[in-house]
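Here the structure is laid out as structure tokens; the discussion comes afterwards.
Read-outs: derived from the displayed coordinates by stated rules, not from any lab. The structure presented is a predicted model; accordingly, all values stated were derived computationally and were not measured. Positions of Cβ are backbone-derived with ideal geometry, glycine not excepted, and every protein chain shown enters the neighbour counts.
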């Protein structure tokens with residue numbers, strides 16, 4: 001089955017999904033415990049060991065090279081799906097040899113919430129030293145710079161894939177989707193480095209798509225979530241989404257509004273997408289049962305602590321939020337902790353989420369947000385998109 005956007009296609013579309021690791025969109029991230037060397041791959045179920053030789057082991061390049069070989073060996077009669085998951089820009093931020101001196105003058109952005117106190121936020125945000133000690137600032141600047149260095153190989157990956165598709169005359173028939181799993185912070189609210197908070201710098205990620213019928217140089221404002229990737233890929237493939245139960249929805253209609261309803265190969269699901277007025281954000285905190293040697297005074301249940309006794313995560317860093325966009329740009333978050341802590345932000349007047357306004361908001365609005373949150377946490381399939389209740 002084929003998808004057609006503003007032009008006639010004679011064969012089904014191909015799809016390439018590039019999923020970067022820990023790449024934010026707020027803090028200049030666009031320019032695990034992942035391993036760049038000395039890792040093990042499962043190749044068709046068989047263990048494959050790799051060492052530390054750049055030419056044959058550097059993981060970002062290896063993923064690219066095997067993808068290029070796959071494209072050379074593909075069957076031209078059939079559409080293909082390729083997913084590439086490079087380790088960059090995840091720690092330990094090991095850049096390719098040719099890029100290890102790049103961005104030598106780059107530092108993390110000092111604007112927004114950088115090194116601001118989290119005085120009215122949940123306890124984990126209230127515990128960092130403020131202002132940050134110079135040792136923490138030097139560390140996060142170095143991490144920021146190395147993250148950019150690793151992304152230069154991802155830039156090479158994207159360029160090589162586009163060139164290969166062009167050579168194979170498949171570029172105009174291929175959707176290329178670029179995104180990440182989560183964001184990242186470097187010094188925001190005096191937290192040195194990590195990714196587990198509810199704020200925009202940790203939850204907003206890049207999403208860039210090119211493909212048949214998508215106009216270049218356009219930015220769509222409607223929110224897209226990670227749960228939307230699978231239905232979108234199915235949609236592009238011509239699958240009727242009414243046959244599956246999924247919480248997300250295809251964003252293909254937003255990118256390609258001129259999809260025709262005519263012709264036997266059109267997928268009827270393409271015309272059912274709507275812009276959601278609010279959505280769910282949630283996270284379950286991680287911790288260790290014993291105190292961290294770097295920060296024994298805070299007791300057990302913490303994780304990812306720095307020598308300056310700044311911990312980035314904890315068991316009770318567990319929260320659920322509803323982000324509203326239609327009536328107002330509001331974020332409402334509840335914590336599963338001993339304080340039953342609540343954070344509320346007006347992102348129109350406070351885009352950097354500096355002031356928790358929970359004590360200033362009308363209680364009836366808080367109650368309404370609480371009910372929306374309960375609904376979003378329990379919904380399944382189409383009910384997640386029913387905004388009438």
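The modelled label-to-label distance between residue 290 and residue 98, using points 7 Å beyond Cα along the C-beta direction, is 4.7 nm. Computed extension gain for residue 297 through residue 339, at 0.36 nm per residue and net of the alpha carbon distance, reaches 13.2 nm.
Relative intensity of segment 1-220 on a log10 scale, I(q)/I(0) at q = 0.16, 0.17, 0.18 Å⁻¹, equals -1.12, -1.20, -1.28, per a Debye sum over C-alpha point scatterers of equal strength in the absence of solvent. Note on residue 230 and residue 282: their simple-model spin labels are 1.5 nm apart, each label 7 Å out from Cα toward Cβ. Remark: the Cα gyration tensor places the chain in the oblate category, a/c being 1.5 or greater and a/b not exceeding b/c.
Cα centroid separation, segment 90-119 to segment 291-352: 22 Å.
Figure legend: label point modelled 7 angstrom from the Cα of residue 308 along Cα→Cβ; residues of segment 171-205 with amide N under 12 Å from it are 187-193.
Sorted fewest first by neighbouring Cβ atoms within 10 angstrom, 101, 195 come out as 101, 195. Applying 1/(1 + (r/R0)^6) with R0 = 25 Å to the Cβ-Cβ distance of residue 246 and residue 208 gives a FRET efficiency near 0.65.
Extension gain, residue 53-residue 215: 0.36 nm per intervening residue step, less the Cα-Cα distance, totals 54.2 nm.
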